[in-house]
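Here is the structure we will look at, set down as structure tokens.
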Amino acid sequence: QSALTQPPSASGSPGQSVTISCTGTSSDVGGYNYVSWYQQHPGKAPKLLIYEVSKRPSGVPDRFSGSKSGNTASLTVSGLQADDEADYYCSSYSGSNNPYVFGTGTEVTV
Amino acid sequence: EVQLVESGGGLVQPGGSLRLSCAASGFTFSNFWMRWVRQAPGEGLEWVANIKQDGSEKNYVDSVRGRFTISRDNAKNSLYLQMDSLRAEDTALYYCAREGVPRASDYWGQGTLVTVSS
């Protein structure tokens, strides 16, 4: 099971938006609506931002939004803030012997 | 408040064994799937294993299947990962996480570091 493909880095100015892509296959991203996104600050545990492609857990600002088209999912961070500077990982259910796969990670710079 | 606290990490020689524990509190542990996720130094996240509420179903990533065993004790609100035949590539920070929403982890511990080296 190969990792999902994310761009290594992305950047934007405060107040702007940034979109991160997450490309998989029809066996994972394209086959299920179980894409999730996590934010990880240096030295910290990951934090869930999005699950089931576009749902936000309580407490996550609506500046974070998720979508999917075919085998590619996307996370958009609007109104960038300094604290959004972190690593972001996507993950997908793949329904196979290895039921979960993470993305390669994207470092966002604000 | 949901809390997950991992322990049991350390330095072990290649071929050795280690047992990780995760103590859960602040929620009804027996109601949730649980998982282990690891992160090698400077690398990304890798899902390792998960276990159903009653322990009747377990899944593993290919690279650890046959060497690692996930288990749980609902009476003790604890999750475990028995790691045998350890390899250098198993060196990582191991996180315990709750699958509190469909197919995703809503709460994570702070991790316990496993180093496999001679």
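Worth pointing out:
- Relative contact order of chain B, pairs being alpha-carbon contacts under 8 Å that are 6 or more residues apart, as %: 36 percent
- Region A:1-56: C-alpha pair distances exceeding 14 Å, %: 66 percent
- The alpha carbons of the protein assembly as shown give a radius of gyration and a Dmax of 17.1, 51 Å, in that order.
- Taking all pairs of distinct alpha-carbon atoms in region B:15-70, Kirkwood radius in angstrom: 12.8 Å
- Environment charge of B:Tyr107, counting only residues whose C-beta is closer than 14 Å and scoring Lys/Arg +1, Asp/Glu -1: 0
- Per-residue HN-Hα couplings for region B:90-100 [Karplus 6.51, -1.76, 1.60; θ = phi - 60°; Hz; x = Gly/Pro]: 8, 4, 5, 8, 9, 9, 9, 8, 9, 8, x
- More than 21 angstrom apart: percent of Cα pairs within chain B: 30 percent
- Checking every one of the chymotrypsin sites (Phe, Trp or Tyr not before Pro) in region A:32-62 against DSSP loop status and a limit of 10 other Cβ atoms within 10 Å picks out no site at all.
- Region A:34-110: relative contact order in percent, alpha carbon pairs under 8 Å with at least 6 residues between: 28 percent
- Whole-number D in µm² s⁻¹ for chain A, Kirkwood Cα-pair radius fed into Stokes-Einstein, 25 °C, 0.890 mPa s: 179 µm²/s
- Accessible area buried, both sides summed, chains B and A with 1.4 Å probe, Å²: 1800 Å²
- Under 11 Å, Cβ to Cβ, from A:Ala3 - net charge with Lys/Arg +1 and Asp/Glu -1: -3
- Probe 1.4 Å - accessible area at B:Lys76, Å² to nearest ten: 140 Å²
- Expressed in units of 2.2 N^0.38 Å, where N is the residue count, the Cα radius of gyration of region B:53-95 is 1.26.
The values are calculated or read from the model by the stated rules, or taken from the named source; none is laboratory data. All values derive from a computational prediction rather than experimental measurement. Positions of Cβ are backbone-derived with ideal geometry, glycine not excepted, and every protein chain shown enters the neighbour counts. These area figures cover heavy atoms from the full protein model, side chains too; ligands, DNA and RNA do not enter into them. Shrake-Rupley method; radii C 1.70, N 1.55, O 1.52, S 1.80 Å.
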